[in-house]
Amino acid sequence: MNRFKSWLPSLFISYPEPHPDPPVSVNWFPNRRCNYECAFCFHTTKNTFILPIDKAKLALRLLSEAGMKKLNISGGEPFLNPKHIGEIFKFCKEELKLEATSVVCNGSKVTEKWLNEYGQYLDVMAISCDSFNSDTNEKQGRRENGKGDNHIGKVQDVAALCKRHGIRVKINSVITINNWQEDMNDHISEIDPFRWKVFQVLLLDGENTGAETGSLRDARNLIITTEQFQSFLERHKSQPSLVAEDNEAMKDSYLNLDEEMRYEGWKKPGRSILDVGVAEALRDSGFDYKTFIDRGGIYDWGRTAQPPIVDW
Ligand code: SF4
């Protein structure tokens, strides 16, 4: 009778298989607004939606129950919503007990007041900086709209401020036709980030490939060859913190969640985890756990250097 019971339901009901890959490290884009105009941006201000904080917390709780250990917030510029992200980081640390929190920002809106209030809940501050030459930043669009260029000064100030607050500093650089020949060694050594992420500029239809694809940006004239990217890496190979990401490594190796908590399967949004739960929504993601591991997605990501967490 027991055997009969155990196979009978499977004749009529097809249960979804649990998704095999846990969402260990999640990258969330809570809001697309930004005060910069980077020509290569692939998460542009196509809408200004932001999830109410109680719904955001519910989704994060579901992710935590499904295995999330690390949350990164990207943008848009996250610090255009300082209280919102501050309260999210506080929730992640105090309630969800996440191992690590991080944010990717352009540095322009980070304040000491915010760090005094919320810095204790943030492990890693990633600051975007493609060049230490103002003209190059101007060409990249890496500057605050209409306010002149103090981007380099801001990056250096925020890096120093974060270190004083015990927050680890990461630098993210996008390599394009404008900066692939630059030598950034001295400035990077001075900032001394624990991780310097160097990306090859990426084209994405609907975001940065011109009006024909419904994009708000056009980065087609910024692309570089693999050889040009490699020559940039070769020039900076003595930097111990450098981690390179070419186009192949970037695709499908991030678990990206958009402003509505939908996984972006490179990069079409699927169903929201608030509607269908984490395991179902993950099926829409296009996420490749192996590529995530191969690109070093699991590393010593807390406030203090710890043995890398690799046994998953
Ligand atoms: S700083 Fe630049 S790349 Fe980042 S969200 Fe703003 S416009 Fe896009």
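Brief remarks on what is shown
- Cα centroid of region 141-215 to Cα centroid of region 18-68, whole Å: 20
- Charge tally for Glu234 (other residues, Cβ to Cβ under 15 Å; Lys, Arg +1; Asp, Glu -1): -2.
- Out-of-range pairs (alpha-carbon distance over 22 Å; input Lys83/Lys268; Lys46/Lys163; Lys90/Lys163; Lys113/Lys154; Lys70/Lys237): Lys83/Lys268; Lys46/Lys163; Lys70/Lys237
- Local net charge near Ser215, Cβ-Cβ under 10 Å (Lys/Arg +1, Asp/Glu -1): -1
- Approximating the spin labels as points 7 Å out from Cα along Cα→Cβ, the Thr111-to-Leu274 distance works out to 2.7 nm.
- Counting every other Cβ atom within 10 Å of each residue's Cβ, Ser189, Ser134 order from fewest to most as Ser189, Ser134.
- Relative intensity, log₁₀ I(q)/I(0), of region 134-279 from a Debye sum that treats every alpha carbon as a point, q = 0.12, 0.16, 0.17 Å⁻¹: -0.65, -1.09, -1.18
- Temperature 20 °C, viscosity 1.002 mPa s: under these conditions the Stokes-Einstein estimate for region 22-294, based on its Kirkwood radius over C-alpha pairs, is 113 µm² per second.
Here, each number is a calculation from the coordinates, and none is a lab measurement. Note that this is a predicted model, so its numbers are computed, not measured. Reconstructed Cβ throughout: ideal geometry from the backbone, glycine too, with neighbour counts over all protein chains shown.
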